[in-house]
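For reference, the structure discussed in these notes is given below.
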Amino acid sequence: MCGIVAIVAQRAVYHDILDGLLILQHRGQDAAGVMTLDGQRLHLKKGNGLVRTVFSDSTETLPGNMGLGHVRYPTAGTDSSLEAQPFYVNTPYGMGLAHNGNLTHVDALKALLFKEGLRHINTDSDSEVLLNVLALALQKQAKSEPSVADIFDAVRTLNSLCKGAYAAVTVIADVGLLAFRDPYGIRPLILGERAGENGQAEYVVASESAVLHALGCTKFSDLNPGEAIFISKAGTLHRAQCAEQAILTPCVFEYIYLARPDSVMNGISVNESRLKLGEKLAQQIIQSNLYQDIDVVIPIPETARPAASSLAFTLGKPLREGFVKNHYLGRSFIMPGQNKRARAVQQKLSAIPQEFKNKCVLLVDDSIVRGTTSRHIIKMVRDAGAKKVYFASSAPMVLFPNVYGIDISRSDEFVAHHRTAEEVAQCIGADAVIYQTLDDLISALKSLNPNILQFETAIFDGHYVTTGVDDLYLKQIGGARLSCG
């Protein structure tokens, strides 16, 4: 999970790109970068840290009316600034790329790149591999300037070679801007259009629609799975389907946790999806013997608030805010390394004792992954005087590694690994744990867009939609992630 934004306008785009990255900061806080295109010259600045840290000089600018930006969440490789994006290659044409997602089987792609193009990969990032696959496909065409058809053919070649999840934006020097989405549409990518100063259309592409709204777009459309768009240096938009047998299979975790609630992806409002998940959870609780015992429903900020509000309304129970969150700390889930995550949990939340004392409390969170956050919060609530602590998760049990851009690559990291709900409750210190069922999760999302026939749910059911993800591969990536901390 990373955040990407790209803009083609009639004026300098640097500050608009920064504004877009600030809106996407929740998708990655490890590194940030911006690349702009000014005619034949590409300008790049990137580094480790938050957007406001990397781009702290308010007087600084990068020239160009076309460009892209990225916020990084490390799912592979290291936290080195060398792996901050965008990446750049100078052959052919000069190209820069920012990528959200994760490729599988990158070692085979690296070998292919060297064999067929003598291309050297300088980092452990799969995004650098993705850029070089695209660059090699264009290089083989051996043209001084690629046509629109050439660019779309290069994306078709990339789609035939690359496996995994990828939503990407690319600038090509003195040519234009390219954006494309993998054949399953696992990661989101949305196109927006706004009117420029002279009335000519300007375009914004981003991971979430909230960026498009903030930057003044009035027309919106998701890129289809396997679709690519190209915007020429003259500002002309072209679209093409570049993958056979593409089928939309968006990641359900976007709706549970990753995305902002004010975004719409694949025709589904993130906020509405979380409200639906709360309703589904409430129905489970009503059917259990816990319903009468609950005094108050309290969300764990921030992502769980919509689900908690609809759950409390359906139960007819009071909804209260029981925690104060330190907004100057980032999201603990996306921090690299277990030690950093544990420290962040201790620092970012404090309880309001009056909301818990002598009450049977139902806490609502978006998910339970490693159990670190849940265990600490439940202890905090008990210390505040709660009589009983029940814990509801908007997501089903997380049981399997993710290979599509979320940093949960080893099953033994998960608190639910080889445990029942009752055993998870004992492990995290709750009196009971209520998980969303996978059927209810899918039903809730399909009710908001019946045209989506399937979702990417591998972390819950172990079904990987791309080929080649077997036990051997999962063991390899688990070992690699363990070795790099």
Filter result (closer than 21 Å to residue 303 by Cβ and either surrounded by 24 or more Cβ atoms within 10 Å (Cβ to Cβ) or more than 34 Å from the chain's Cα centre (by Cα) (or both)) within the stretch 352-366: 356, 361, 362, 363, 364, 366
Single match in 98, 6 (criterion: within 17 Å of the chain's Cα centre (by Cα), surrounded by 18 or more Cβ atoms within 10 Å (Cβ to Cβ), among the hydrophobic types (A, V, I, L, M, F, W, C) and closer than 25 Å to residue 408 by Cβ): 98
For residues in the stretch 248-299 being among the basic types (Lys, Arg) and outside any loop (DSSP other than H, G, I, E, B), which is surrounded by the fewest Cβ atoms within 10 Å (Cβ to Cβ)? 280
Some residue of the stretch 355-369 being modelled with pLDDT under 95 and not assigned by TED's automatic domain parsing to the domain that holds residue 24: yes
Out of 68, 62, 37, 22, which single residue is surrounded by fewer than 24 Cβ atoms within 10 Å (Cβ to Cβ), of a type in the set (A, V, I, L, M, F, W, C) and within 25 Å of residue 146 (Cβ to Cβ)? 62
Please enumerate the residues belonging to the stretch 198-241 that are touching a Ser or Thr at 6+ places or on another chain (Cβ under 9 Å) and part of a loop (DSSP other than H, G, I, E, B). 207, 208, 217, 225
List the number of the failed condition for residue 287; all other conditions in (1) assigned by TED's automatic domain parsing to the domain that holds residue 404; (2) in contact (Cβ under 8 Å) with a residue 12 or more places away in the chain; (3) over 20 Å from the mean Cα position of the chain (by Cα) hold. (2)
Being aliphatic (A, V, I, L, M) and crowded, with 20+ Cβ neighbours inside 10 Å is the filter here, so list the residues in the stretch 199-222 that pass it. 204, 205, 206, 210, 211, 212, 215
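The values are calculated or read from the model by the stated rules, or taken from the named source; none is laboratory data. Fair warning: this is a prediction, and the values are worked out from it, not measured in the lab. Note that each Cβ is placed from the backbone with ideal geometry, even for glycine, and that neighbours are counted across all protein chains shown.
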